[in-house]
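The values are calculated or read from the model by the stated rules, or taken from the named source; none is laboratory data. Everything numeric here is computed off the predicted structure, so don't read it as measured data. For neighbour counting, all protein chains shown are included, and Cβ atoms are generated from backbone atoms with ideal geometry for every residue, glycine included.
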There are 2 protein chains.
Amino acid sequence: MTQIKKTDTPELLSLQPITGIKVGTACAQIRQAERDDLALFELPPQSTCVAVFTRNAFCAAPVTIAKQHLESIAPRFLLINSGNANAGIGEAGIRDALNCCEAVAQLADCAPNEVLPFSTGVIGTPLPVDKISAALPNAFAALDAQGWEKAAEAIMTTDTVPKGFSVQKSIQGQPITITGIVKGAGMIKPDMATLLAFIATDIAAPTSVLQACINQAVNQSFHRITIDGDTSTNDACVLIATGQGEVTIESTEHVAFAPFCQAVTDIFLQLAQAIVRDGEGATKFMTISVEQGTSERECLDVAHTIAHSPLVKTAFFASDANWGRILAAVGRAGVDNLDIQAVQIYLNELCIVQNGGVAESYTEEQGKAVMRKKEIMVRVLLGERGNHKTMVYTCDLSHDYVRINAEYRT
Amino acid sequence: MTQIKKTDTPELLSLQPITGIKVGTACAQIRQAERDDLALFELPPQSTCVAVFTRNAFCAAPVTIAKQHLESIAPRFLLINSGNANAGIGEAGIRDALNCCEAVAQLADCAPNEVLPFSTGVIGTPLPVDKISAALPNAFAALDAQGWEKAAEAIMTTDTVPKGFSVQKSIQGQPITITGIVKGAGMIKPDMATLLAFIATDIAAPTSVLQACINQAVNQSFHRITIDGDTSTNDACVLIATGQGEVTIESTEHVAFAPFCQAVTDIFLQLAQAIVRDGEGATKFMTISVEQGTSERECLDVAHTIAHSPLVKTAFFASDANWGRILAAVGRAGVDNLDIQAVQIYLNELCIVQNGGVAESYTEEQGKAVMRKKEIMVRVLLGERGNHKTMVYTCDLSHDYVRINAEYRT
């Protein structure tokens, strides 16, 4: 499992188990015969669980069912399959998702609505429920506290590496552990377009606390990467608290809430950035930072206009310091009464735009030196309009992106 | 001039002169030594002229000057150069644009503000005013009623063909002529990102009538092609009425206004579609028609979400009937309370989505047959929400698009 991407902080050398949670994987041969494509999470009783789902109106059947089940009762199992999204096939998809929950419930002796289903893979092909049911006993047999890394592999589709992070922290002198895995959407993924994230911690917290935490963490992580502005039919992010550790956070007023929330946000951000780094055809990682806005919305509009621009993305792919494309993107982002004389744009530390045009100190050589780097910060100062700022993470647009997406189904 | 793109209607075999207008071109060697890169339009006295400009906050210097001049007095000359956008270089650009107007004014013995300047080409390089001034006498010497086709070539940047259309119509038994040329933005053009359109007619009409006409025509044409949602720093569209023909339209209440406006709109639409067909790396022409919306805005949001999706564009490039990508784009377009069961999506006559998923009657073979065509209509019925509809025109995303935009400055 050396493929698990790691950075200096906050994750450790391997994914840490979360007391009370077991994870098992199995091969259901949904799309390939040779790899695990099922992951099963068993949660201890008294766990709390919250989730954020895609806002796509054409959401997949498992999203519909997972939402319903989560509203009705605390889940005991999560069942994830890769290879098939169970999306775009109408009522049959709902029935298939329910049948999978039923199969888990029979083996576990629980109620079907105590199971949350998740699917990722091709759209429009009926889910092979029989294959999944047949493989479930193997997934149950494999349930293990150490199963996280195998699960990170089982949920992959066109991801090139499994992605997971762990952190152990001390909050008020007590240890907490947070572990999460994610499967990406590349830069933007075609019918495989799914972001699935499963994060668990051993603290005890009511649903309301966990919901406040996931809202903040998602807003600063998964909502800040551009999967091409896309929300797929299947996106889901789940946060679980097992309550089997030392720390209890009763309310968002609790002194431990802020540090806990920050630790969760840090993990979410690392998972989100790992998705961008594993983007389809991506060769560069760009952070778009927009500052001095009158609102976060304004900063986000500018950041997304830059991050979604195929012209900006191809320039980064070509290591071409084409500042005119960034300038034009800022200019068309719809900022009211933008004083272009006051706008400044930087690539890392290099000022490229000021006083309404290219910076006087700028040289092509400096631009090229910055653009050759693999990780680049585009920093836009809107000109003392306000104190709001935001960051968005994206990657470049390469030949491979077109190749992958044009040939995806061939 | 056989490269001028023509369709069956409404244009004729060659661009018709507009009584009173002369057009001259010359080679100023701005970016290439071997081609005309200056176009000069001389308008007769008593002409009326209106224009629509880019809304990009970082608009180019010639846009700023053209707006000011147009507000102050009726123009007598339009000066267009290709090869250099005169954008992104701050106050120096304003001075250079004014100097070009001054140079025209001296040769023509008119006031500098009777000249409108337009530039298209690379951003961030100072405009070579000396070269332009030196070539101006040749442009004056070349002024000719038949000069439209040469002008269509002179204003090109990375366009692969000159683009122009003419129509002659009878309104209330009297002939009118409309002729227009355009240079494109390919699908979306990098630093060359400019749409320039110059259209003239021989009717007589006050500015208010012409403004009402250009607003309608632009809204149904240039605002309906996706240059990647981009408005460049230099976009401009100019409509001129010389008043030297047989027809006078005093007000928008005049019985001839509607047919005149429709004829202008038709020319605008052909020019706009010609830009898409000449898009960077484009191999397919797609019309996105969204119907049954509660507002035009709602229809436009859906159409743009589809038309801007790199996933949809690459699928069309690959002739892959990947209906899941279109369905997902509709689902994330932000339509309030969209009833996905009621949505229908067609490729030409072929129903691909209904009842919340892929149409039962759909087969891959049918999908492939449609996708192999060069011109494809994507038709989305939102499900009897309302009577509004709109159309947007776009092209596919190919290997060549990335190549052209990655290598643009190399």
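Among the strands (runs of 3 or more DSSP E) confined wholly to the stretch A:26-126, which include 2 or more residues that are closer than 24 Å to B:N322 by Cβ? I'd like the intermediate steps shown before the answer.
Details: elements: A:38-42, A:48-53, A:77-84, A:115-122.
Strands (runs of 3 or more DSSP E) meeting the threshold: A:77-84, A:115-122.
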For this session: Go through A:D37, A:D96 for me and flag whichever is modelled with pLDDT of 95 or more, of a type in the set (D, E, K, R) and in contact with a strand residue (DSSP E or B) (Cβ under 6 Å, 6 or more places away or on another chain).
Result: A:D37
Seminar exercise, completed: Here the qualifying pairs (Cβ atoms under 7 Å; residues six or more apart or on different chains; first in the stretch B:67-90 and over 13 Å from B:A111 (Cα atoms); second surrounded by fewer than 21 Cβ atoms within 10 Å (Cβ to Cβ) and among the charged types (D, E, K, R)) come out as B:G83/B:R31; B:N84/B:R31
Exercise. Hey, B:A318 hits all of (1) within 8 Å of chain A (Cβ to nearest Cβ); (2) closer than 15 Å to A:I89 by Cβ but one; which does it fall short on?
Worked result: (2)
Exercise. In the stretch A:219-256, which residues are part of a helix (DSSP H, G or I) and surrounded by fewer than 20 Cβ atoms within 10 Å (Cβ to Cβ)?
Worked result: A:N219, A:H223
Problem set entry | Out of B:T54, B:T64, sole residue that is among the hydroxyl-bearing types (S, T, Y) and surrounded by 22 or more Cβ atoms within 10 Å (Cβ to Cβ) | B:T54
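Kindly establish whether A:T19 is surrounded by 15 or more Cβ atoms within 10 Å (Cβ to Cβ), touching a helix residue (DSSP H, G or I) at 6+ places or on another chain (Cβ under 8 Å), at pLDDT 95 or above and hydroxyl-bearing (S, T, Y). Steps first, please.
Details: surrounded by 15 or more Cβ atoms within 10 Å (Cβ to Cβ): yes; touching a helix residue (DSSP H, G or I) at 6+ places or on another chain (Cβ under 8 Å): no; at pLDDT 95 or above: yes; hydroxyl-bearing (S, T, Y): yes.
The answer is no for A:T19.
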Exercise. When the stretch B:265-293 is examined, which residues are found to be among the β-branched types (V, I, T) and in contact with a strand residue (DSSP E or B) (Cβ under 9 Å, 6 or more places away or on another chain)?
Worked result: B:I267, B:I275, B:V276, B:T283, B:T287, B:I288, B:V290
For this session: Kindly list, by first and then second residue, each pair from a residue in the stretch A:142-161 that is under 16 Å from A:T19 (Cα atoms) to a residue that is crowded, with 17+ Cβ neighbours inside 10 Å and polar (S, T, N, Q), limited to pairs with Cβ atoms under 9 Å and residues at least 6 apart or on different chains.
Result: A:G147/A:T25; A:W148/A:Q16; A:W148/A:S166; A:W148/A:T179
Seminar exercise, completed: For the stretch A:246-258, pairs from a residue that is more than 8 Å from A:A205 (Cα to Cα) to a residue that is β-branched (V, I, T) and not in a strand (DSSP E or B), with Cβ under 6 Å and 6 or more apart or across chains, are A:V247/A:I203; A:T252/A:V209; A:A256/A:I249; A:F257/A:I249
Exercise. Here are A:A139, A:A152, A:A193, A:A212: which of them is under 15 Å from the mean Cα position of the chain (by Cα), at negative phi and at pLDDT 95 or above?
Worked result: A:A152
Exercise. For B:M286, which of the numbered conditions (1) within 23 Å of the chain's Cα centre (by Cα); (2) farther than 16 Å from A:A406 by Cα; (3) in contact (Cβ under 8 Å) with a residue 40 or more places away in the chain; (4) within 12 Å of chain A (Cβ to nearest Cβ) fails to hold?
Worked result: (4)
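Can you work out which of the residues in the stretch B:86-97 that are under 27 Å from B:A152 (Cβ atoms) and more than 8 Å from chain A (Cβ to nearest Cβ) is surrounded by the most Cβ atoms within 10 Å (Cβ to Cβ)? Let's see the steps before the verdict.
At the first step, the residues of the stretch B:86-97 found to be under 27 Å from B:A152 (Cβ atoms) are B:86-88, B:93, B:96-97.
Next, from what is left, pick out any that are more than 8 Å from chain A (Cβ to nearest Cβ): B:86, B:96-97.
Working: B:N86: 32, B:D96: 22, B:A97: 27.
The qualifying residue surrounded by the most Cβ atoms within 10 Å (Cβ to Cβ) is B:N86.
Look at A:I267 and say whether it is under 19 Å from the mean Cα position of the chain (by Cα) and either outside the structural domain of A:G386 (by TED's automatic domain parsing) or of a type in the set (D, E, K, R) (or both). Give the steps one after another, and end with the answer.
Values: under 19 Å from the mean Cα position of the chain (by Cα): yes; either outside the structural domain of A:G386 (by TED's automatic domain parsing) or of a type in the set (D, E, K, R) (or both): yes.
Yes.
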